[in-house]
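Enquirer: Below is a structure I'd like to ask you about.
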Amino acid sequence: MRLKEVDDDTICRAVDELRPQAQRRGVAFLLNDRPDLAFETGCDGAHVGQSDMSYGEARAALGGDRIVGVTCHDSRHLAMEAAEAGADYVAFGAFYPTNTKQAPAKAEIELLSWWTEMMEVPCVAIGGITLDNARPLIEAGADFLAVSAGIWTHSEGPAAAVAGFNRLFAA
């Protein structure tokens, strides 16, 4: 769950509503940027960016049994450091132009292929992903896609977008 520029109480109330629904369906519920609140609210883990906190700080806040993922932008070096430190996954991007946030880097699709050939730690593709441009990322080895506007602004609605992404991964 990604909520920006809201107070902690709003985040906690949203987690309390959404987390149980995801977990009942066997879906891990991660909180973006806030490992401290992820721990307090029973999330399955957290995702941190390079400017949020270090992997070590996130792991300390969450303990050893929850998921910690790390944004690595377009950097092989940052990804290798995160994986060697114990990150449960690394995230690369932005692969495409995005309005969700200001992307500090543009990642090339070949980065996913390189990662999957070299490492066992799963990778996530981030940034401007839609049903129309996701296939090359999946074919290159993305284990997961982080999609925001590609879901919420889909012309047929979020449920149709999720179904479409599920079909892409199944293929």
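All of the numbers you see were taken from the coordinates with simple rules; none came from a lab. Note that the structure is predicted; figures quoted are calculated from it, not measured. Counting neighbours? That spans all protein chains shown, and the Cβs are built from the backbone with ideal geometry, glycine included.
Enquirer: Calculate for the chain the 222 nm mean residue ellipticity that helices alone would give, adding -39,500 (n - 2.57) per DSSP H run of length 4 or more and normalising by residue count, nearest 500 deg cm²/dmol.
Expert: -12000 deg cm²/dmol
Enquirer: What are the ³J(HN,Hα) values, in whole Hz, obtained from phi via the Karplus relation 6.51 cos²θ - 1.76 cosθ + 1.60 with θ = phi - 60°, for each residue of segment 61-73 in sequence order, with x given for Gly and Pro?
Expert: 5, 9, x, x, 9, 10, 6, 10, x, 10, 6, 10, 6
Enquirer: So, one more: What does the convex hull of the alpha-carbon atoms of segment 47-149 project to on average, in nm²?
Expert: 6.2 nm²
Enquirer: Counting Lys and Arg as +1 and Asp and Glu as -1, each charge on the Cβ, what is the dipole of the chain about the Cα centre in debye, to the nearest 20?
Expert: Approximately 440 debye in magnitude.
Enquirer: Can you pull out the trypsin sites (Lys or Arg not before Pro) in segment 1-38 that DSSP calls coil and that have at most 14 other Cβ atoms within 10 Å?
Expert: Qualifying residues, ordered by number: Arg2, Lys4, Arg25.
Enquirer: Starting from the Cα coordinates of segment 1-63, work out the convex hull volume and express it per residue in Å³.
Expert: Hull volume normalised by residue count: 74 Å³.
Enquirer: List Val90, Val70, Val6 from most exposed to least, where exposure is judged by having the fewest other Cβ atoms within 10 Å.
Expert: Least crowded to most crowded, the residues run Val6, Val90, Val70.
Enquirer: Sticking with this structure for a sec: Round to a whole angstrom and tell me the spacing of the C-alpha centers of segment 1-32 and segment 82-152.
Expert: 22 Å
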